[in-house]
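Presented below is the structure to which this report refers.
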Amino acid sequence: MLKNWDNNTWISSKSYIETFNKFMFKQISLNENSKILEIGCARGKILGDLKSKLKLKFKPIGLDPVNHKDKDKRISFQNTDALSFFKKNKQTFDLILIKQTIHFLKMNDIKKLLLLCDKSLNKNGVIFISNLDTYKNELPTFSLMDKKLKSSFKRHQEIFFLISQTFLTVNIRKFEFNVEIPKKKYLDMIKQRYISMLLNFSNKQILDGMKEIDNKYSEVLKFKDKLICFILKK
Ligand SMILES: C[S@@+](CC[C@H](N)C(=O)[O-])C[C@H]1O[C@@H](n2cnc3c(N)ncnc32)[C@H](O)[C@@H]1O
């Protein structure tokens, strides 16, 4: 499981979270009465910011099978996986957010989850799914990581296909965030296996990869973190 996600990286920065939420506000209409669920919320920072910015009356619900100690206090956290949550859930939502999480599930489970989410939407409710954009991705990589990234893209394409088969109305939007990060810091993120594709690498593969990145890039890395977003409406 991914334990180091958004642990002191650009993804956990105030600027990233605010830029992402502003981007979401442009695509969907939310207000203080909105009921929000995030599947795979990690530390719940995105939801916490939504709670403050929208002055939400109801604490947004975040679920994750990993229970981080330093979770955002503004959210109602449930330590569970997506499908188990829906077995008991009776609530309905105006927004169900699934950001950089859907690829953790098996294809059959994704299909089940999409249908369960659809059933749990209020009128005019929206499911907002985002994942790494496979097109002209700029994440700094070493060769083995690049190979893995390219093969994970195939699965992402299959997921996108499944989404477009399951829903009649699918709006696609792209999100970009300009990252500027010292190479030293990025190397540390690689060491911490900040992204799920690095989880199965051996220690030697990680160390070799870090050497490769050290040789390949200058002292400050500048790139765009790109997401593709699917906005699904009832
Ligand atoms: C890459 S992180 C994304 C976190 C957050 N959505 C964000 O974008 O900042 C993926 C999260 O999904 C969680 N996850 C994995 N499988 C899951 C499942 N079946 N149901 C719910 N969450 C899951 C992981 O524990 C992890 O915290």
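The values are calculated or read from the model by the stated rules, or taken from the named source; none is laboratory data. Bear in mind the structure is a predicted one, so any value in this text is a computation, not a measurement. Methodologically, a virtual Cβ is constructed for each residue, glycine included, from the backbone with ideal geometry; neighbour enumeration extends over all protein chains shown. For the accessible areas, the whole protein counts, side chains as well, though only heavy atoms, and no ligand, DNA or RNA atoms are used. Shrake-Rupley method; radii C 1.70, N 1.55, O 1.52, S 1.80 Å.
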Looking at the stretch 87-127 only, could you name the residues that are of a type in the set (Phe, Trp, Tyr) and either surrounded by 19 or more Cβ atoms within 10 Å (Cβ to Cβ) or more than 16 Å from the chain's Cα centre (by Cα) (or both)? Phe93
Any residue in the stretch 12-34 that's of a type in the set (Val, Ile, Thr) and within 13 Å of the ligand (Cβ to nearest atom): show its pairings with residues that are open to solvent by 30 Å² or more (accessible area, probe 1.4 Å) and not in a loop (DSSP other than H, G, I, E, B) at Cβ separation under 8 Å, as long as the two are six or more apart or on different chains. Ile17/Lys45
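Within the stretch 76-95, can you find the residues that are within 12 Å of the ligand (Cβ to nearest atom) and either among the basic types (Lys, Arg) or not in a helix (DSSP H, G or I) (or both)? Spell out how you get there, then give the answer.
Kept after step one, since they are within 12 Å of the ligand (Cβ to nearest atom), are these residues of the stretch 76-95: 77-86.
If the condition is that a residue be within 12 Å of the ligand (Cβ to nearest atom) and either among the basic types (Lys, Arg) or not in a helix (DSSP H, G or I) (or both), then Phe77, Gln78, Asn79, Thr80, Asp81 are the ones that fit.
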List the number of the failed condition for Ser130; all other conditions in (1) more than 9 Å from the ligand (Cβ to nearest atom); (2) modelled with pLDDT of 95 or more; (3) assigned to a strand (DSSP E or B) hold. (1)
Quick one: which residue in Leu56, Leu47 is more than 13 Å from the ligand (Cβ to nearest atom) and either open to solvent by 30 Å² or more (accessible area, probe 1.4 Å) or modelled with pLDDT of 95 or more (or both)? Leu56
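Applying the selection to the stretch 133-150, what residues are hydrophobic (A, V, I, L, M, F, W, C) and surrounded by fewer than 19 Cβ atoms within 10 Å (Cβ to Cβ)? Steps first, please.
Step one: of the stretch 133-150, the residues hydrophobic (A, V, I, L, M, F, W, C) are 139, 142, 144-145, 149.
Selection gives Leu139, Leu144, Leu149.
Is it the case, given these coordinates, that Trp5 is at pLDDT below 95, in contact with a strand residue (DSSP E or B) (Cβ under 6 Å, 6 or more places away or on another chain) and open to solvent by 10 Å² or more (accessible area, probe 1.4 Å)? Lay out the reasoning, then the answer.
Values: at pLDDT below 95: yes; in contact with a strand residue (DSSP E or B) (Cβ under 6 Å, 6 or more places away or on another chain): no; open to solvent by 10 Å² or more (accessible area, probe 1.4 Å): yes.
Here the answer is no, as Trp5 does not meet what is asked.
Would you confirm, using the coordinates I've provided, whether Asp64 is within 11 Å of the ligand (Cβ to nearest atom), farther than 18 Å from Phe128 by Cβ and modelled with pLDDT of 95 or more? Give the steps one after another, and end with the answer.
Details: within 11 Å of the ligand (Cβ to nearest atom): yes; farther than 18 Å from Phe128 by Cβ: no; modelled with pLDDT of 95 or more: yes.
Against the criterion (within 11 Å of the ligand (Cβ to nearest atom), farther than 18 Å from Phe128 by Cβ and modelled with pLDDT of 95 or more), Asp64 does not qualify.
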Output the residues belonging to the stretch 197-227 that are buried (at least 16 other Cβ atoms within 10 Å of the Cβ) and at pLDDT below 95. Met197, Leu198
Given the residues Lys234, Lys150, which is the only one that is free of Cβ contacts under 8 Å to residues at least 40 places away in the same chain and on the phi < 0 side of the Ramachandran plot? Lys150
Scan the stretch 164-176 and give yes if some residue there is surrounded by 15 or more Cβ atoms within 10 Å (Cβ to Cβ) and part of a loop (DSSP other than H, G, I, E, B), otherwise no. yes
